[in-house]
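The structure appears below as structure tokens.
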Amino acid sequence: MPEITSSVTDSLKAGNRVVAFGIAAIVLILLAAMRNIPDDMYEASLIDGASVSARFFRITLPLISPAVFF
């Protein structure tokens, strides 16, 4: 079995860092978008009796869609 050279393993490590940074950036953007959703929206949906999935698809997802499609 041929040995993997150190340059190949170094490039794989660098690629993993880029992917990890990209995932972290996406998570931060989505977290910031979700924190901007007013609590009043969720309180009103609780009073109306909305389920968790209804709250996600009718409140959370539409309000963070600008960040998702950024």
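Descriptive notes on the structure:
- From the options 60, 9, residue that is among the β-branched types (Val, Ile, Thr), surrounded by 10 or more Cβ atoms within 10 Å (Cβ to Cβ), over 12 Å from the mean Cα position of the chain (by Cα) and at pLDDT 95 or above: 60
- The sole residue among 20, 24, 67, 44 that is in a helix (DSSP H, G or I), at pLDDT 95 or above and among the small types (Gly, Ala, Ser) is 44.
- Applying a threshold of 9 Å to beta carbon distances and a minimum spacing of six or more residues, or different chains, the list of pairs starting in the stretch 46-61 at a residue that is under 24 Å from residue 29 (Cβ atoms) and ending at one that is among the hydroxyl-bearing types (Ser, Thr, Tyr) reads 55/42; 55/45; 58/45; 59/42; 59/45; 60/42.
The values are calculated or read from the model by the stated rules, or taken from the named source; none is laboratory data. Since we're looking at a predicted model, the values are computed, not measured. Cβ atoms come from the backbone with ideal geometry, glycine included; neighbour counts cover every protein chain shown.
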